[in-house]
Amino acid sequence: MTAEPVRIGVVGAGLMGKELAGVCGRWSQLVDHPSAPQVVAVADPNRSARDWFRQVPTVETFADDWRALVDDDSLDVLYLAVPHNLHEELYIAAADAGRDFLAEKPFGIDLHAAERIVAAIDASPSFVRVSSEFPFYPGALKAYAYARSGALGEVLDVRSAFQHSSDIDRGKAINWKRRVETCGEIGVMGDLGLHVAHIPLRLGFRPESVYGLLDNVVTERPGPDGSMVACDTWDNALLACRVPTDRDRSFTMLWETRRIAPGQMNSWSFEALGMDGGVRFSTRNPAVVQRFSIKDGEQVWEDVQPGHASAWPSITGGIFEFGFGDALLQMWASYLAERAGSLGDRFGTVTPGEALDAHRVFAAAVRSQESGRAEMPRA
């Protein structure tokens with residue numbers, strides 16, 4: 001197979017833009033992929049941030065304004081990795097220009113922004129998906145496939161969580177993710193929420209009601225000059241949801257996102273339980289996915305080692321273990337394969353519709369926090 005070259009422009013020269021440059025450098029690990037991506041352009045108002053990309057030999061264009069990349073007809077795909085308050089203007093401009101792009105979560109600073117973004121994409125020829133890499137771990141894919149297979153029987157409970165300790169240090173300087181002005185009222189749900197929503201929404205588990213328990217733990221942090229400034233976003237969020245079934249009942253589902261989770265580093269997990277079976281996986285123990293069944297009247301949890309069974313095949317032997325960089329590679333492989341019409345029945349990146357559904361849940365959680373009762377996500 002002759003892979004089609006894909007010229008990528010990165011808007012936002014932060015961590016994830018740098019990770020993409022590394023992903024492209026490892027692309028030869030994939031077997032018979034239809035695309036051959038290279039990062040060739042970068043835009044960021046911060047000169048030192050974009051200057052990091054001068055060590056990437058494929059980068060030709062350095063700009064301080066994102067418009068230079070949106071207007072560049074030589075680019076095939078854009079990766080748009082900017083603060084939430086910039087999503088609406090940038091994503092709509094890219095859609096209006098007919099650009100294909102991978103967007104960063106949460107797809108707008110609030111629900112109304114997300115609705116306008118999706119409307120612009122629907123009216124354009126752009127191929128657009130949203131970043132969420134953790135479900136591309138082999139164990140997560142096995143858990144998804146098991147839940148999708150019907151092996152759970154009647155579903156009882158689903159739990160999806162992303163817990164890390166990035167803000168456990170009260171002396172950590174404030175940044176844009178800790179301010180409503182740039183992060184949005186949904187706070188940690190904007191930063192981490194789409195990761196926990198990806199698999200449940202792909203399984204069709206859409207909440208009919210949401211009870212939000214939100215917590216702003218650290219209310220001020222050091223500013224650039226060392227003086228304390230307001231830190232006004234939600235640090236932690238626990239969403240208790242009810243999901244309707246085709247019977248006269250609903251099942252419970254918890255979405256948990258925490259920037260302050262003592263004892264955690266950067267752990268993503270998914271669990272689903274039913275009357276006939278269950279499955280659970282955590283990136284904290286990525287070498288094992290656990291499956292539950294009833295055998296000879298006994299309740300049995302068994303450990304399955306997923307190995308390196310990635311969504312897109314790679315040269316890496318199946319006995320080897322998988323990591324964060326591998327998940328990023330697989331996410332980009334999924335996005336570009338789907339763009340090329342070659343994804344088939346493999347697991348795909350978040351769609352604009354799924355991102356919008358997640359925003360509806362997050363907005364309901366904020367209303368619930370204010371009202372003290374469960375709220376319905378609004379279409």
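The values are calculated or read from the model by the stated rules, or taken from the named source; none is laboratory data. All values derive from a computational prediction rather than experimental measurement. Don't worry about glycine lacking a Cβ; one is built from the backbone with ideal geometry, like all the others, and counts go over all protein chains shown.
Considering 82, 77, which residue is under 23 Å from residue 259 (Cα atoms), β-branched (Val, Ile, Thr) and modelled with pLDDT of 95 or more? Let's see the steps before the verdict.
On the way: 77 fails: under 23 Å from residue 259 (Cα atoms).
Criteria check complete, one pass: 82.
Among the residues of region 313-349, just one is assigned to a helix (DSSP H, G or I), at pLDDT below 95 and over 20 Å from residue 36 (Cβ atoms), namely 324.
Being charged (D, E, K, R) and at pLDDT below 95 is true for just one of 191, 235. Which residue is that? It would help to see each step written out before you state the result.
Working: 235 fails: at pLDDT below 95.
When all the criteria are applied, what remains is 191.
Would you mind finding the one in 61, 2 that is surrounded by fewer than 21 Cβ atoms within 10 Å (Cβ to Cβ), over 19 Å from residue 129 (Cβ atoms) and in contact (Cβ under 8 Å) with a residue 40 or more places away in the chain? Quick ask: steps written out before the conclusion?
Values: 2 fails: in contact (Cβ under 8 Å) with a residue 40 or more places away in the chain.
The unique qualifying residue is 61.
For residues in region 327-349 being crowded, with 19+ Cβ neighbours inside 10 Å and among the hydroxyl-bearing types (Ser, Thr, Tyr), which is nearest to the chain's Cα centre (by Cα)? Among residues in region 327-349 that are crowded, with 19+ Cβ neighbours inside 10 Å and among the hydroxyl-bearing types (Ser, Thr, Tyr), the one nearest to the chain's Cα centre (by Cα) is 349. Screening region 182-220 for residues that are of a type in the set (D, E, K, R) and within 13 Å of residue 236 (Cβ to Cβ) and picking the one that is surrounded by the most Cβ atoms within 10 Å (Cβ to Cβ) gives 191.
Table: residues versus (1) hydrophobic (A, V, I, L, M, F, W, C); (2) surrounded by fewer than 22 Cβ atoms within 10 Å (Cβ to Cβ); (3) on the phi > 0 side of the Ramachandran plot.
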| site | (1), (2), (3) |
| --- | --- |
| 315 | yes, yes, no |
| 323 | no, yes, no |
| 351 | no, yes, no |
| 358 | yes, no, no |
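Just to verify a result, which residue in region 1-40, among those that are in contact with a strand residue (DSSP E or B) (Cβ under 6 Å, 6 or more places away or on another chain) and in a helix (DSSP H, G or I), is farthest from residue 72 (Cα to Cα)? Looking at the filtered set, the residue picked out is 29.
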